[in-house]
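One structure is given below, encoded as structure tokens.
The values are calculated or read from the model by the stated rules, or taken from the named source; none is laboratory data. These figures come from a predicted structure and were not determined experimentally. Here the Cβ is made from the backbone with ideal geometry for all residues, glycine too, and neighbour counts use every protein chain on show. These accessible areas exclude ligands, DNA and RNA; they are computed on the full protein's heavy atoms, side chains included. Shrake-Rupley method; radii C 1.70, N 1.55, O 1.52, S 1.80 Å.
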2 protein chains.
Amino acid sequence: MTKNYFSSDFKLGILGGGQLGKMLLYETRKFDIYTRVMDASSEAPCRIACNEFIQGDLLDFESVYNFGKDVDLLTIEIENVNVEALEKLEEEGITVYPQPRVLRTIQNKARQKLFYVDHNLPTAPFSRFAYSSEIRESIAHGGLSFPFVWKSAQFGYDGKGVKVVRSEKDLENLPNVECIAEELIDFENELAVIVARNADGEEKAYPVVEMEFHPEANQVEYVICPARIPDAVARKAQDVALKVSRELHHVGLLAVEMFQTRDNEILINEMAPRPHNSGHYSIEASYTNQFEQHIRAILNLPLGNTESKVAGIMVNLVGAEGYTGNVVYENIDEILQLDGVVPHIYGKKETRPFRKMGHVTIVNQDVDKAREIAETVKKKIRVISN
Amino acid sequence: MTKNYFSSDFKLGILGGGQLGKMLLYETRKFDIYTRVMDASSEAPCRIACNEFIQGDLLDFESVYNFGKDVDLLTIEIENVNVEALEKLEEEGITVYPQPRVLRTIQNKARQKLFYVDHNLPTAPFSRFAYSSEIRESIAHGGLSFPFVWKSAQFGYDGKGVKVVRSEKDLENLPNVECIAEELIDFENELAVIVARNADGEEKAYPVVEMEFHPEANQVEYVICPARIPDAVARKAQDVALKVSRELHHVGLLAVEMFQTRDNEILINEMAPRPHNSGHYSIEASYTNQFEQHIRAILNLPLGNTESKVAGIMVNLVGAEGYTGNVVYENIDEILQLDGVVPHIYGKKETRPFRKMGHVTIVNQDVDKAREIAETVKKKIRVISN
């Protein structure tokens, strides 16, 4: 029987109205699926292009519960939501994807790491601390040594809540919260694989992407698909991601970030149960972009082909240092002359240093040519203020 | 100097809020360009996803003039607009693309045909009549013979206002209006080429597409890119389209529909100064989709690569005969299983026979494989009512 989501009474709720939601809405508009979106900000990107926009606190039980109780299906575009409310909605028969138990596993980094260990999934060794202050004791007793990666257990977005600790000095100013200390991996590459899974259990993995990071700001500079790594390593990475996906048994997308060690082993870094920055290249490069795929997965429609039509490289557009104010995308007209270049402007009116303002995707038959053009793009375009 | 259209005070006005406008808005949202849209219907697809929606009559002078007088640039997604108002706005310094003179040339089919003749552009022979009643006289005096194609000079959309006249009987019930009678061409193929031109005169042509028509309803069934025709014919078609574009000196897109005769000559059928049904395949198949290209062209940004990443075939979704009411897309979940299939649901709640309700694009490395899958799609999916 045909599932009648299209131009019908079916209502999809989306918690979170940011950039990921905005890109999900391209797909719901393409399929004419009715959407209700909630976000804390009245200026949220999703406030236009959805059918109903509700301003509300995603972390508040009542707001989330009331938002979700009369939609047909509920999803998220950000993990920082009130999970108790989702659990209650699920009990009451509302379909929630990703499932609340998936969010529980992922939201707390200590619990997430334990999940990997419990399911024999490869990840860097770590210790969990109820408070950051316990770390000094552990170091004093030889239980922990420099350097290591400190991560707050709860929340943490886009580089905050993560710090490389190389000495006692780096311990100063750490918030005194539940945290983990992970072994610092001397990695060859940072990789990501997105896995889609629908309610029937159909699964598809995207190709492995390679992520080049900005050393200081801990933000991704280039996402390259396909990753320029040996086939055997790529297969290993996909296998690990698929294994995580099967053990987690999520519905929707799962973005698995991994390290490729110097010995070509794969270690899981983190995962996110939603469309992901590492998948934005898919809008122009893939047969099925990640946003359409997430919609297919949560609606239990057949999954689409995850292969690439062409190579794709994504460059993040972040606010240049030294500029705060109304944004100007300097030289954007010059980069538009380059072959295969597509800018995405997120719509934030104000720029400030390192603020994620957009991205540019460069597509080409040849990944090395794409990488050259991507570098030109990165050098030319500047996100400044007037 | 960087043209600051992005996340700025720049306002783009779009006359017409239908499906073409809806797809233009994906691009303005991608670039965060502020949009104001006008349409006669309060249920217009564009009413969400634009920044300001105005309900108003596109054919009314005051409505169009008031709409356009405080935007920075004005464009259209439908030719049926009040051109006097656009001329006044242009006089007063508002940039209007396509230019009002282009709309004048195109809106009246007799004037359009004369343009081709005056500029030595190949087109089927024709006669112009102030009233359809004059046709009988012309036939009686031997100035015109059956069969021919009758077309009303003013307006006419999607098959209406066009009729093949094979006998006296077919002349009955023709509206008694200004019209043309064109020689009926026994064509090998119907082709289309979209040409983009920006204000600096940069021009780019898309590949030639082939259009298969439904014999009775006079609507396109399949749009195939690349057209399966000899290279020499394709080059000829592109040359003709580029020549029209240069003679017309439009800004924005120009879709040129042509016949390939049995002798492999090219004859121009019609043109439209906006994104076009024959270009929808470009969303999934081209390096730069036609909607983004139109935006680039009218903003005088560099044009994007018009080449294809993969072959693309578009199938129109039209209401099945015998069904009127709330739409149901029967078997849409089955076609979603097929490789490279992307449905676009326009969002009209009610279906009726032959109503254009959406389209499906099938992409594949191989155009023949795409054509097979497209046929399966066409056989499976039915636009019915519940």
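In table form, for the structure just shown:
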item	result
Sequence of B:D263, B:D72 from largest to smallest accessible area, 1.4 Å probe	B:D263, B:D72
Sparse-neighbourhood loop sites, GluC sites (Glu not before Pro) in the range A:300-354 - DSSP loop, at most 13 other Cβ within 10 angstrom	A:E321
Residues listed by number, the range B:81-103, amide nitrogen under 19 Å from B:F61 label point at 7 Å toward C-beta	B:81-94, B:100-101, B:103
Computed Rg/Rh of the range B:125-183, alpha carbon atoms with Kirkwood Rh	0.92
Residues of type aspartates and glutamates that A:K113 reaches as a straight line, Cα spacing below 15 Å, ignoring anything fewer than 8 places off in the same chain	A:E178, A:E182, A:E183, A:E247, A:E257, A:E270
For q = 0.06, 0.08 Å⁻¹, Debye-computed log10 I/I(0) when each Cα of the protein assembly as shown counts as one equal scatterer	-0.40, -0.69
Under the Karplus curve 6.51 cos²θ - 1.76 cosθ + 1.60, θ = phi - 60°, whole-Hz ³J(HN,Hα) for the range B:126-131, x wherever Gly or Pro sits	8, 10, 10, 10, 5, 9
Relative contact order of chain B, defined on C-alpha pairs under 8 angstrom at six or more residues apart (%)	12
The range B:187-385 - percent relative contact order, Cα under 8 Å, separation 6 or more	21
Under 23 Å from the Cα of B:K204 - lysines, other chains or at least 8 residues apart	A:K309, A:K369, B:K3, B:K30, B:K236, B:K243, B:K309
Residue-count net charge about B:V177 - beta-carbon cut-off 14 Å; Lys, Arg +1, Asp, Glu -1	+3
For chain B: accessible area per residue (Å², 1.4 Å)	39
Relative contact order (%) - the range A:11-96, alpha-carbon pairs under 8 angstrom, separation at least six	32
Computed accessible area, B:R352, all protein chains, 1.4 angstrom probe, square angstrom	120
Euclidean distance between Cα centres, the range A:340-370 to the range B:21-69, Å	27
Projected label distance in nm at B:N173 and B:E84, using a 7 Å step from Cα toward the beta-carbon	3.4
The range B:11-96 - Rg and Dmax from Cα coordinates, angstrom	11.6, 32
Loop sites in the range B:1-71: GluC sites (Glu not before Pro), DSSP, at most 15 other Cβ within 10 Å	B:E43
Residues with amide H under 5 Å from that of B:V208, placed H, sequence gap 5 or more	B:A227
Antiparallel bridges, percent of DSSP beta bridges restricted to the protein assembly as shown (to nearest 5)	80
R0 of 60 Å, Cβ-Cβ distance A:K160-B:S138: FRET efficiency to nearest 0.05	0.15
Accessible carbon and sulfur surface of the range B:164-269 relative to its total accessible area, %, 1.4 Å	44
Net +/- balance of residues flanking A:Q55 in space, Cβ distance below 15 Å, scoring K and R +1, D and E -1	-4
Accessible-area order (highest first, 1.4 angstrom probe) of the listed residues A:E210, B:E202	B:E202, A:E210
Exam field: B:S385 pseudo-label spacings to other copies (7 Å along Cα-Cβ), nanometres	5.6
Cα-based Rg / Dmax (Å) for the range B:140-265	16.7, 51
Overall Cα dimensions of chain B - principal axes, largest extent first, Å	63, 53, 45
